[in-house]
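In what follows, a structure is listed as structure tokens, so that the remarks can point back to it.
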Amino acid sequence: MRIIFHTTTAALALMAAPVLAGAPSGPLAPRNQCLGTEGLAALDQNLRAAAKERDVDALMALVDENIQLDFGGGSGKFELKQRLTSPEYMLWDELDAALALGCQLSSRADSNGYASWPWYFSADLIPLDAFEAFIVTGEHVRLRGGASLSAPVTGAVSWDYVRQREYPPEEAAYAKVETRNGKTGYIAKAYLRSLVDYRVIAEERGGQWRVTAFIAGD
């Protein structure tokens, strides 16, 4: 199934919402919209503490028994424990990266109420096919006229989405992209994160917020 994200009026308002002084700037810069939701703020805090300490037991206390881990049937706490430090998955590192991007309650009318880390995954902000959409994870990231450090700088992008225009080899350092305003160029892959990269999904079940998915892809 291919996902297409459409920008809504409510989402546009979120994009214009103020962020704390000194915080990264840009429409998709990290922010936390879950702190005012009872139970969800505690889950956010506890997830961050468990990740910081690499505390397996603390993390297991926060996840659903049947937590979804992939689209091929991988699920459950036991499998999650294996993947946290498996060289194939390294999910502790993926959890760090997702949590650092902030939390958001879904703004989609058909969502049944879930929260996501990164925040922008559930905010319905990006009018692109999800597999073409990449987030520029930094401020003033250079857009270049070619795929090399010596290529001329033609612009910059700060915490915004771009459309990937081609699929470079895995070893390539740059990817060809198109910015929101239609400008084409190359951005270092180190600053690009796929919209369908790992995300943490939480839902309220039985009056308690729990992590129900930690997953990438579609």
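Since every read-out is calculated from the coordinates, none of them should be taken as a lab result. All of these numbers come straight from a predicted model, not from anything done at the bench. We place every Cβ from the backbone using ideal geometry, glycine too, and count neighbours over all the protein chains shown.
Looking at the square roots a ≥ b ≥ c of the eigenvalues of the Cα gyration tensor of the chain, which shape do they give, rounded for a/c under 1.5, prolate if a/b is larger than b/c, or oblate?
On the way: a/c = 1.87, a/b = 1.47, b/c = 1.27.
Prolate, since a/c reaches 1.5 and a/b exceeds b/c.
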*Place +1 on the Cβ of every Lys and Arg and -1 on the Cβ of every Asp and Glu in the chain, take the dipole about the Cα centre, and give the residue among 159, 82, 217 whose Cα lies farthest towards its positive end.*
159
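Output the peptides 156-167, 69-80 sorted from most to least packed, where packing is the average of other Cβ atoms within 10 Å over each peptide's residues. Working shown, then result.
Numbers: 156-167: 17.8, 69-80: 14.3.
Going from most to least packed, we get 156-167, 69-80.
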*Top mean-square fluctuation among 96, 197, 124, Gaussian network model of the chain, C-alpha springs under 10 Å?*
96
*Using a Förster distance of 22 Å, the FRET efficiency for residue 165-residue 218 (Cβ separation, nearest 0.05)*: 0.65
*asked:* Given the -39500 (n - 2.57) contribution per DSSP H run of 4+ residues, what per-residue ellipticity at 222 nm results for the chain, rounded to the nearest 500 deg cm²/dmol?
replied: -5500 deg cm²/dmol
*Would you mind pulling out the separation of the Cα centroids of region 75-137 and region 162-218, in Å?*
9
*Between residue 45 and residue 181, take the C-beta separation as r, use R0 = 35 Å, and let me know the FRET efficiency to the nearest 0.05.*
0.40
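What size of dipole, in debye to the nearest 20, comes out for region 133-194 about its Cα centre when the only charges are +1 on Lys and Arg C-beta atoms and -1 on Asp and Glu C-beta atoms? Mind showing how you got there, number by number?
On the way: 9 positive and 6 negative charges, 32 e Å.
Charge dipole, region 133-194, about its Cα centre: 160 debye, nearest 20.
If r is the Cβ-Cβ distance from residue 208 to residue 25 and R0 is 41 Å, what FRET efficiency results, to the nearest 0.05?
On the way: r = 35 Å, r/R0 = 0.86.
The value I calculate is 0.70.
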*asked:* Given points 7 Å out from each Cα along the Cα-Cβ axis, report the residue 52 to residue 85 separation in nanometres with one decimal.
replied: 2.1
_Fewest-first sequence of 180, 205 by Cβ atoms within 10 Å of each Cβ_ = 205, 180
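Provide the gained length on full extension for the span residue 97 to residue 194, in nm with one decimal, where the gain is 0.36 nm per separating residue minus the Cα-Cα distance. Before the final figure, lay out each step's value.
Values: separation 97, 0.36 × 97 = 34.92 nm, distance 1.23 nm.
Here the segment from residue 97 to residue 194 would lengthen by 33.7 nm.
Only counting other Cβ atoms within 10 Å, I'd like 53, 170, 132 sorted with the fewest neighbours first.
Ranking 53, 170, 132 by Cβ neighbours within 10 Å, fewest first, gives 170, 53, 132.
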_Straight-line reach only, C-alpha to C-alpha below 16 angstrom: list the aspartates and glutamates that residue 52 could link to, leaving out same-chain residues fewer than 8 apart._
44, 93, 94, 96
